[in-house]
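Derivation of every value follows stated rules applied to the coordinates shown; laboratory data play no part. Note that the structure is a prediction, hence the values are computed from the model and not measured. Using ideal geometry, Cβ is built from the backbone for each residue, glycine included, and neighbour counts are taken over all protein chains shown.
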Amino acid sequence: MQCEFCLNTEGIAHSDETIQEYDFKKALRFLEHNKSQEINKEIRCNKCAATFQLTPYSISSNCPYCHTPAITDFIKEITPQSLLPFELTQEKAKEKFKLWIGSLWFAPNKLKDFVEGDEKLQGYYLPHWTYDSDTKTHYRGQKGVIYYVMVERTVIVNGRQQRVQQREARINWTPISGHVQRSFDDITIGASKTISHSILNSLTPWYTQNLIPFDERYLSGFEAEEYTIGLDNAFEYAKMKMNKIIEQDIRRDIGGDQQRIDAMQTSYNNTTYKNVLFPIWTAQFKWKEKEYHYAINAQTGKIVGERPYSIVKITFLVIFTLLILGGAFYLEESGVYLQTNTHFS
């Protein structure tokens, strides 16, 4: 591990300690009777002796005067017991950002040359919750089986009406019910409000098999936070993620050609959690007086963010598409087209 300010390198011994999961229901009962108070944290810099404040949820930052790393105590009831260290350096993150900007469709032509947000790139250890859960879901739905019938239609060929037989698809729906089971492992949900929820939760996947035991020395030189989205609230987001997968399981269980899900009820059992810190590079750039935020997964290099669009390029595409459709319509009018009259045999 190397400090970005003094370039001092310090090795951290590898630990074979097992990363633990914690009981979800026990934690909720504990949190009911243990509420932390948010207080502003005042820190005295060990190097320049300046005094400065951190926000209640911040646990690591740099002195605003001399940039010396500063780490403070946790105040939340649940503290992180593991983390993923930074794999992507700041220089590599800058390169990722430039490639991303250059690859954006319908972006303004001068955007790549103009943006300077990478100069403000900041490394964060942001809190996440991970959840394991065994689920069982009862459902009611309908199975659709496609069959075909022959119908008689009237068509116009070169200005003359003709009667033709055509095959038409129909669906036969049958009520069905059943249950499916699935075990989930490490469903990850961001627990910070520093970055928008949509950006933070789009940085997946996180390779949680590479988690290491928490050591505050990894935080040195980076911003780090405690969770601001609680264990119970984050689990609601986790259930939404799990339900999308469960719906796919139900559709497979229903079978047929098409499926309808009328109702589903899921129980979540043996649920466990981890409070972890994940490494993220984040910054913003300004374009035409508006700020755009982006973040980079510092383990995989995946980048997600907001971006501007070129109205000129989009307008040109719309006009071009309309011209193509207009040409196709003209060709169809001069050839063969179907009337809406339909007669069933």
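Some points to look at:
- Packing-based exposure ordering (other Cβ within 10 Å, fewest first) of T51, T135: T51, T135
- Least to most buried among D257, D132 (fewest other Cβ within 10 Å first): D257, D132
- Counting beta carbons within 10 Å around each of R170, R182 and listing the fewest first gives the order R170, R182.
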